[in-house]
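To keep things clear, I will list the structure first and then write my remarks on it.
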Amino acid sequence: MIEVAPGILWLQLPLPFQLNHVNLYLVEDGDGYAVVDTGLGDAATIARWEALLAGLLRERPLTRIIGTHYHPDHIGMVGWLCERLGVTLLMSEVEYLHARLLTVDTGHTVDGPHRDFYRRHGMDEATTRVLVSDGRRYLRLVTGLPQSFRSIAAGETLELGGRRFDVLTGGGHSPDQVMLHCVAENILLCADQVLARISPNISVFAMNPEGDPLGNYLRSLAAMRREVADKTLLLPGHERPFVGLHARLDELAAHHEARCAAILVACAEQDHSGAELVPVVFARRIEDPHQMGFAFSEAMAHVNLLVRRGQLREVAGRFRSV
């Protein structure tokens, strides 16, 4: 637990994934702390929260929970904490409803539009079956959601412990991810929208197969450049806090444009399916079906952006440079 700014504590909790940690932030809020994100809803995280509640948060209890986005490593403990402590969850409406959908729509059939999305774009049958038949995975990683919440939206101001935070939101990694910007002190709790070293996953999903999450993400980065000063202290959802926002925004945009360019080169030489473009976008070998699902969905995000730009077109389920 590190104080990264006066009254803001940084905690890092483990994850049982390749990305093996998630950041939480406790922000002084009156006599207690507001927490930004909660960690995964598993036994190991519950044990760490039990220790926090018996230690630091015994004298200065949680006042509210701010969920940045619906991914289980960020709001997995929300149900457990809200039920136990009676605190309010603050999220963007889109993110809350998306999480609610996933807790109700517990599975996809192996026959239907979700299966067709993967198969039409060249995914093999075995991987497709894994990806579409594990709809209950989200439920295993979260402790539920409260039946009510307080919605927060871009343009609002949130006061935490005397600090005024402007609410910013951005798409791409998730539909309407919340970020908190303290202009007076140059602090941005930026969740997963900007990370110091890695690029957040930007994916097209079978529910919205022609969506443009990468376009949304690049527009979000451009908006952040306009709204947030370069010298701002960035408090991200993974890895370490850092300074140097504008250079990092340039790196992230260039990263995706380089992958778009590689796809155009590959598809100029011959037509490719979405699955065949995975090694064009990702140099490393991917064998785990779930990781392949993320990689495929990110490759399709680049494809969809290029189709919208008029630089690619689909011919019988394969893509050709225009």
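The values are calculated or read from the model by the stated rules, or taken from the named source; none is laboratory data. Nothing here was measured: the structure is a model prediction, and the numbers come from that model. Every residue, glycine among them, receives a Cβ derived from its backbone with ideal geometry; neighbour counts consider all protein chains shown. Side chains included, ligands, DNA and RNA excluded: accessible areas come from the protein's heavy atoms. Shrake-Rupley method; radii C 1.70, N 1.55, O 1.52, S 1.80 Å.
General remarks:
- Percent of C-alpha pairs per 10 Å bin in segment 226-322, short distances first: 15, 37, 27, 18, 3.
- Gyration tensor verdict on segment 130-232 (Cα atoms; rounded if a/c is under 1.5, prolate if a/b is larger than b/c, oblate otherwise): oblate
- Relative contact order of the chain: 14 percent, from C-alpha pairs under 8 Å at least 6 residues apart in sequence.
- Annotation for segment 119-169 versus segment 49-107: alpha-carbon center distance of 12 Å.
- Computed log₁₀ I(q)/I(0) - Debye formula, equal Cα scatterers, no solvent, segment 1-71, q 0.13, 0.19, 0.23, 0.26 Å⁻¹: -0.36, -0.78, -1.13, -1.37
- Protection proxy ranking, highest mean first, for peptides 214-224, 200-210: 214-224, 200-210, where packing is the per-residue count of other beta-carbon atoms within 10 Å, averaged.
- A 1.4 Å probe run over the protein chains yields, for the chain, 44 Å² of accessible area per residue, whole-number rounding.
- Quotient of the Cα radius of gyration of the chain and 2.2 N^0.38 Å, N being its number of residues: 1.02.
- Segment 1-69 - percent of accessible surface contributed by carbon and sulfur, probe 1.4 Å: 54 percent
- Per atom type, segment 229-322 shows carbon and sulfur on 52% of its accessible surface, probed at 1.4 Å.
- Accessible-area composition of segment 117-226, carbon plus sulfur, in percent [1.4 Å probe]: 48 percent
- Among 144-151, 8-15, the order from most to least packed when residues are scored by Cβ within 10 Å on average: 8-15, 144-151
- Summarising the amide proton neighbourhood of residue 123: residues at separation of 5 or more, or on other chains, whose placed amide H is nearer than 5 Å comprise 275.
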